[in-house]
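The values are calculated or read from the model by the stated rules, or taken from the named source; none is laboratory data. What you see is a predicted model; the values in this text were computed from it and never measured. Neighbour counts are summed over all protein chains in view; Cβ atoms, including those assigned to glycine, are modelled from backbone coordinates with ideal geometry.
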Amino acid sequence: MGSKQTAGTLDEAQEGFTAQERAAMKDRAKEVRKSSRRGPKADPEAEVLEKIAEMAEGDRLLAARVHEIVRTAAPQLTPRLWYGMPAYSKDGKVLCFFKCAGKFNTRYSEFGFSDVASLDEGSFWPSAYALTEITDDVAERLAELVRKAAG
């Protein structure tokens, strides 16, 4: 294997969760605790923007652009954190999310959709996309998918 780490090795998978997966679960537990204490004036979008600002430059640029695209394409979605990553919910349920490469030591970031998304195409369709760069064509396709997913 090269010097770049992967999300987990076979040995780690056999023993349980990777360090990155455990960190994501801890992030999610913090999010749940924080939301239960959150007052009516809390701003989940500010939390998402703060998390994006903490990312390494490449991930930060992708996440900021994804945030802009999602907020423009489906302003009715609510930004929030989900497993320490930016996500967007509909009726309190996560609809789509950004997963940065740096958090899981992977080769590329991902933009994905949950089962809440209205993307069904027969009996087989993608629910996540690898993301390395956001060109105009990618931005247009992402916006189209988000609009469709949000219904």
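I'm trying to understand the selection: among the residues of the stretch 74-87, which are part of a strand (DSSP E or B) and of a type outside the set (A, V, I, L, M, F, W, C)?
Result: 78, 79, 80, 86.
Return yes when residue 118 is at pLDDT 95 or above and polar (S, T, N, Q) and no when it is not.
no
Among the residues that make up the stretch 43-53, is at least one of them at negative phi and touching a residue at least 60 places away in the same chain (Cβ under 8 Å)?
no
Name every residue in the stretch 111-122 that is assigned to a loop (DSSP other than H, G, I, E, B) and not small (Gly, Ala, Ser), in order of residue number.
Correct list: 115, 116, 119, 120, 121.
For every residue, the table says whether it meets (1) more than 20 Å from residue 25 (Cα to Cα); (2) over 14 Å from the mean Cα position of the chain (by Cα); (3) of a type in the set (Val, Ile, Thr).
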site	(1), (2), (3)
99	no, no, no
116	yes, yes, yes
124	yes, yes, no
134	yes, yes, yes
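Go through the residues of the stretch 133-142 one by one and say whether even a single one is touching a strand residue (DSSP E or B) at 6+ places or on another chain (Cβ under 9 Å) and under 23 Å from residue 44 (Cβ atoms).
yes
Does residue 109 satisfy the criteria of being over 20 Å from residue 60 (Cα atoms) and modelled with pLDDT of 95 or more?
No.
For residues that are of a type in the set (A, V, I, L, M, F, W, C) and either assigned to a helix (DSSP H, G or I) or touching a Cys at 6+ places or on another chain (Cβ under 7 Å) (or both), tally how many sit in the stretch 88-110.
So the answer is 2.
Which one is surrounded by the most Cβ atoms within 10 Å (Cβ to Cβ) among residues in the stretch 103-151 that are of a type in the set (Phe, Trp, Tyr) and free of Cβ contacts under 8 Å to residues at least 40 places away in the same chain?
113
A quick yes/no check of all residues on (1) modelled with pLDDT of 90 or more; (2) surrounded by 12 or more Cβ atoms within 10 Å (Cβ to Cβ):
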residue: 1; (1), (2): no, no
residue: 8; (1), (2): no, yes
residue: 31; (1), (2): no, yes
residue: 43; (1), (2): no, no
residue: 46; (1), (2): yes, no
residue: 71; (1), (2): yes, yes
residue: 87; (1), (2): yes, yes
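Of all residues in the stretch 48-69, how many are crowded, with 16+ Cβ neighbours inside 10 Å and either in a loop (DSSP other than H, G, I, E, B) or charged (D, E, K, R) (or both)?
The number of residues fulfilling the criteria is 5.
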